[in-house]
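Colleague: Starting off with a structure, shown below.
The values are calculated or read from the model by the stated rules, or taken from the named source; none is laboratory data. Keep in mind the model is a prediction, meaning the values are calculated, not measured. Counting neighbours? That spans all protein chains shown, and the Cβs are built from the backbone with ideal geometry, glycine included. We work out accessible area using only protein heavy atoms, side chains counted, and drop any ligands, DNA or RNA first. Shrake-Rupley method; radii C 1.70, N 1.55, O 1.52, S 1.80 Å.
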Amino acid sequence: MSGAEVVIVGGGVTGLSAGWWLARSGVKVTVVDKGIVGWEASGRNGGGASHYQSPLFEEEHRLWPQMDELLGYPTEHRKERIIIAMSERQWEQYRFVAERHRRLGHPVEVLDVKQVQDAVPLAGDNCFGGVHYRFGGHANPQRTVQAYAWALQDLGGTIVQHNAVTGFETASGKVTAVKTGAASYGCDSVVVAAGPQTAALMAQLGIAVPLANARAEMIITEPAPMMPIGGVDGHKLYGRQTMRGNLAYGGGPHEWIDVDATGPVARPSTPLMRNLASRLAELLPKAAHLNVIRSWAGVIENSPDGRPIIDRLTSPDNVVVASMSGVGFGLSPASGHAIRDLVLDGTCSFSDIGILGLSRFANLEPDWREKRGWMPIS
Amino acid sequence: MELNFAGTDLCAINGTRSAPDARYDVVVVGAGCSGTAAAIAAATAGSSVLLVDENPVSGALMGNDVPLYFGGRMTAATQNSERMLEAIFMSAPALEQAMEAGVEVLLGTSAWGVYRNGPGVSSLPEQVVGLADASRSWLVGFERIVLATGARDLALAFPGWNQPGVMGAAALRMLLTRYDAFAGRRVLVLGSHDLALESALLAHDRGLKVAGLVEVRDAPQGSADLVAQVAAAGIAIHCGQTIALAKGGIEGVEAATLSSGEVILCDTICMAVGLVPSIELVDAMHGPRTLIATRGGYIPAGEETVSAVGSCAGLADTGFDHIAYRMDWVRALSDVSADDTIVCQCEEVTRADLLGVQPPNYLARPAPMCARSLETLLVDGPANPDQIKRLTRAGMGVCQGRRCRDQVAMLLAIAADRPFGTIPLATHRAPVRPIPLKIMADWHESEAMSAAWDVWFGIPTQWVPVEDIGTPHEDEHRAMLYTGMYE
Ligand SMILES: Cc1cc2nc3c(=O)[nH]c(=O)nc-3n(C[C@H](O)[C@H](O)[C@H](O)COP(=O)(O)OP(=O)(O)OC[C@H]3O[C@@H](n4cnc5c(N)ncnc54)[C@H](O)[C@@H]3O)c2cc1C
């Protein structure tokens, strides 16, 4: 039986960042993924990294500008975001958000139409104004995933791909090994960061993790001239200009779906692309002539309150569970740090993450999904 | 924050999609011989039939090598869309017959995606095909769709291939026989199988000078009859040779240097090594496909509601192993060209960077990055072109890999020392044709869709700053950002 001190189930950004942080602390780690690293949500998301709502925000904000250097590989991280209002109502909402950021001490500026166009040359005079977040930013999802994976290997960690974890071996209140179809990996501790599959894996340990899965879509255009700020949201879209110039955008209605225990069979996109296109053409009218060249979808698991779950179990007591509820890419530098702390020290060193604990769902109604309407279309 | 959930997620997709703009029993994509025949047959049998064909494509699209590898060798006439519409219509007499049979015919209309419910999606009211012309996009419902999308050019990299005048055999045929708008005069043909021989003969018949054929193997590969016709036309076949360089000026190609050193004057280099069935729509809808080397590559496995006809269903099987032949070409071209030869034209990715798994030039390459390569990646698992695409950007440009998808898979197969069929193909996704945002846009969105639209999931607790939880700010947040969402 091969093994490591810590075996991590799931090679998305969360598991890989955790593995990298552990390897930085000199721990021997193995990350096991059912496919290629980052093949699920982690490699197909919007790349946004501005999660001011999270107890991990300050750490996210602190770490991103250093990540290229820390990892030794490019992540295409760029700082800051601008959010553009395209209606009276959005203008009211976005200014409310700006006011809140001021109150919380996050640097923001409210921009008039002219200032929006200076910072975002593809914007038009059809907007009402914008808000410039002098914090947060964005990065390239798959490049970042691979950077974590490679950096982890450079520190002596191991990545095992194309090997689905099927279960665990336990003895005297601990998980002693992680099993795949092909092998068994002995371990002192386990991290389960398997995205939508987290619930089924944790159920094997007798732990209920309330998650509902949904599919979300994005589109991308051919390259546009580079804008001073690439992280441009608004008009109820999120997205970014890649460093090549492409505009990658998502938003709009999601579809609740069932996902097999072994992972999604397919990740289809739909004609929702046309609704994303109309909004993007309005948000950035000077890009309206650009070709849409691709659309895609990814699967996201959501907890009942939409906040991540990062917790160390009491029994078995050597398991940390992490499910990021649709905000996990940007938070990954910080979530990995928190997971490292929980594995090695039992508590997060840089923030109170109690709100991310599983115990908050202790009294969850059994029909929580039905109540929220988070049910697949039958 | 007290939330009373009413059993409905107002930001979910449920019930928000519009019905298609039109419905037909049968939609046929591609108005070549087989597509038109299929349309006529269906209409004659009493079905309502829509037949669409993307030709004539706009000059701008042609410039992007959509849908075929035109290599910039079309005349200025292609900028005149009405004239091209007439040329296309006149070139296919069967179209008139189709219209007489009651088929609705739309030229200049591309099909960019086929959608139906299946794994991961149950929200579509019915199966639809997405269409677009020069002014709008729309959805059409169907009972059965017939893909008659033909075959596209296999493009292979060599030094200088990324300049005007290097083009594909299918594009040459299209420009000569349907658009009547080919701008070249002196054509060198790569390959000597039937496709290459037929291309040479067609060019010759049209009064063009054929400067010769280049064959990587030691003897001509096509049927003896065609080889004899080429010989009779006085056209030389240079066997045991490959192309080492295309030299040119501002107008594009002026001459080709063969691996022997021989220089052949030409303004067009026509790649006629192979055709690849155009299965983008099938791929993008996760339709089943099979690899058949004697039929040109991956072909749709065929289903009742989604069928393929003509070359889209595979090239005529003459027993010739197209894959082995292409691999011989790729190996020979790699041997005679430098590592800095561009493989992906859109993103200017060199073969060295593709096989080194290196990022584009605008990103830094620190020492650990330089130490990575396909070799190190293969230690972690088999080569996957989608993964390598996301790292190197090869195949990520506006042509979405039409010019490099196949050769990337072949180069990876060679580098990994694996059979071609074990390397997955980079995925196609909708839109399978580049379509401007303003054309793709749904400008008549349903009210239900507009009402359900949120930037993310519309979960009222998700974005409340942790500092505000349990304070009056939490309710302000909900009132301002989530009005009406939940009770
Ligand atoms: C369209 C879209 C846009 C998004 N936009 C943003 C954004 O802008 N900003 C942001 O922060 N977040 C965004 N997200 C969310 C973000 O992508 C996810 O929260 C994040 O990637 C989660 O990472 P993860 O590692 O926790 O999970 P995942 O990426 O789901 O990774 C889990 C991994 O576990 C593996 N696995 C599963 N089961 C097993 C098993 N049994 N054995 C072995 N391995 C297994 C999977 O193969 C997978 O690689 C977006 C998501 C989508 C889909």
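Colleague: Need one value: the accessible area of B:Ser34 in square angstrom, 1.4 angstrom probe, rounded to the nearest 10.
Modeller: 50
Colleague: If you don't mind, there's one more thing I want to ask. I'd like the Karplus ³J(HN,Hα) series for the range A:77-90: coefficients 6.51, -1.76, 1.60, θ = phi - 60°, whole numbers in Hz, and an x wherever there's a Gly or Pro.
Modeller: 5, 10, 7, 6, 9, 10, 10, 10, 8, 10, 8, 4, 5, 4
Colleague: Return the long-range amide H neighbours of B:Lys247 (sequence gap of 5 or more, or a different chain), with a cut-off of under 5 Å between placed amide H atoms.
Modeller: Long-range HN contacts for B:Lys247: B:Glu254, B:Ala255, B:Ala256, B:Thr257.
Colleague: For a quick check: with amide H placed at 1.01 Å from N, whose amide H comes under 5 Å from A:Gly3's, ignoring anything fewer than 5 positions away on the same chain?
Modeller: A:Gly186
Colleague: Moving on to the next point. If amide H atoms are built 1.01 Å from N in the plane of the peptide, which residues on other chains or at least 5 residues away come under 5 Å of the amide H of A:Gly136?
Modeller: Here the answer is A:Glu80, since their amide H atoms fall under 5 Å of that of A:Gly136.
Colleague: For A:Thr166, what is the net charge nearby, where nearby means another residue's Cβ is under 15 Å from its Cβ and Lys, Arg count +1, Asp, Glu -1?
Modeller: Result for the neighbourhood of A:Thr166: -1.
Colleague: Moving on to the next point. Roughly what angle does helix B:194-205 make with the longest principal axis of chain B, taking Cα atoms, 0 to 90 degrees, to the nearest 10?
Modeller: 70
Colleague: Give me a single rounded figure for B:110-120: the average over its residues of other chain Cβ atoms within 10 Å of their Cβ.
Modeller: 4
Colleague: Using a 10 Å cut-off on Cβ to Cβ distances, tally the other chain neighbours for every residue of A:142-152 and report the average as a whole number. All intermediate terms of the calculation are to be shown ahead of the outcome.
Modeller: On the way: counts 5, 4, 0, 2, 7, 2, 0, 2, 7, 1, 0.
Mean shielding count: 3.
Colleague: Here is a follow-up. How long is the gain from A:Asp258 to A:Ala182 if the chain were fully straight, where each residue apart is worth 0.36 nm and the alpha carbon distance is subtracted?
Modeller: Value of the extension gain: 24.7 nm.
Colleague: Quote the FRET efficiency, to the nearest 0.05, computed for B:Glu447 versus B:Glu262 with a Förster distance R0 of 56 Å and r equal to the Cβ-Cβ distance. Intermediate values should be presented prior to the final figure.
Modeller: Values: r = 68 Å, r/R0 = 1.22.
Once rounded, the FRET efficiency stands at 0.25.
Colleague: Next question, about the same structure. Quick one: what Rg and Dmax do you get for chain A from the alpha carbons, in Å?
Modeller: 20.7, 67
Colleague: What is the sum of charges around B:Arg186, taking Lys and Arg as +1, Asp and Glu as -1, for the other residues whose C-beta is under 10 Å from the C-beta of B:Arg186?
Modeller: Computed value for this residue: 0.
Colleague: Now for a different question. Can you tell me the dipole magnitude for the protein assembly as shown around its Cα centre, using point charges on the Cβ only (Lys, Arg +1; Asp, Glu -1), in Debye to the nearest 20? Write out the running numbers ahead of the final one.
Modeller: Details: 68 positive and 92 negative charges, 203 e Å.
With only Lys, Arg, Asp and Glu charged at Cβ, the dipole is about 980 debye.
Colleague: OK, next. I need the phi-derived Karplus couplings for the range B:346-360: 6.51 cos²θ - 1.76 cosθ + 1.60, θ = phi - 60°, integer Hz, Gly and Pro marked x.
Modeller: 4, 9, 6, 8, 7, 5, 4, 6, 4, 7, x, 6, 9, x, x
Colleague: Sort B:405-413, A:366-374, B:14-22 by the packing proxy (mean of other Cβ within 10 Å over each peptide's residues), most packed first.
Modeller: Descending mean neighbour count gives B:405-413, B:14-22, A:366-374.
Colleague: Work out from phi, with θ = phi - 60° and the Karplus expression 6.51 cos²θ - 1.76 cosθ + 1.60, the ³J(HN,Hα) of each residue of the range B:250-261, listed in order in whole Hz, and give x for Gly and Pro.
Modeller: Using θ = phi - 60°, the values come out as 5, 7, x, 4, 10, 6, 10, 9, 7, 5, 6, x Hz.
Colleague: Given the alpha-carbon gyration tensor of the protein assembly as shown, what are the semi-axes of its equivalent ellipsoid in whole angstrom, ordered largest first, with each equal to the square root of 5 times an eigenvalue? Provide the component values of the computation, followed by the final result.
Modeller: Working: eigenvalues 469, 195, 126 Å².
Square roots of five times the eigenvalues give 48, 31, 25 Å.
Colleague: Now for a separate question. Can you give the percent of C-alpha pairs in chain B whose distance is more than 33 Å?
Modeller: That fraction is 45 percent.
Colleague: Could you order A:Tyr133, A:Tyr249 so the one with the most accessible surface comes first? Probe is 1.4 Å.
Modeller: A:Tyr133, A:Tyr249
Colleague: With a 1.4 Å probe and all protein chains kept in place, how do A:Lys179, B:Lys389 rank by accessible area, largest first?
Modeller: The ordering from most to least exposed comes out as A:Lys179, B:Lys389.
Colleague: In addition: Once both axes come from the Cα atoms, what is the angle between helix A:141-154 and the longest principal axis of chain A, in degrees from 0 to 90, rounded to 10?
Modeller: 40
Colleague: Under the definition of partner shielding as Cβ atoms of other protein chains within 10 Å of a residue Cβ, what is the mean value for peptide A:6-15?
Modeller: 0
Colleague: Dividing the convex hull volume of the alpha carbon atoms of the range A:18-120 by its residue count, what do you get in Å³ per residue?
Modeller: Enclosed volume per residue, from the Cα hull, is 155 Å³.
Colleague: Ignoring everything but the protein chains, give the 1.4 Å probe accessible area of A:Glu99 in square angstrom, nearest 10.
Modeller: Number for this one is 100 Å².
Colleague: Taking the Cα centre of the range B:116-208 as origin, work out the dipole magnitude from +1 charges on Lys and Arg Cβ and -1 charges on Asp and Glu Cβ, in debye rounded to 20.
Modeller: Dipole of the range B:116-208, to the nearest 20 debye: 180 debye.
Colleague: Right, here's the next one. Note down the magnitude of the dipole of chain B about its Cα centre, charges +1 on Lys and Arg C-beta and -1 on Asp and Glu C-beta and zero elsewhere, to the nearest 20 debye. The partial results should precede the final answer.
Modeller: Details: 34 positive and 55 negative charges, 289 e Å.
Once rounded to the nearest 20, the dipole reads 1380 debye.
Colleague: If the reach is capped at under 28 angstrom between alpha carbons, list the lysines near A:Lys34, excluding any in the same chain fewer than eight residues apart.
Modeller: A:Lys174, A:Lys179, B:Lys389
Colleague: B:Cys239: net charge of surrounding residues, Cβ under 10 Å, Lys/Arg +1, Asp/Glu -1, itself excluded? Provide the component values of the computation, followed by the final result.
Modeller: Numbers: positive: B:Arg217; negative: B:Glu215, B:Asp218.
Surrounding charge for B:Cys239 is -1.
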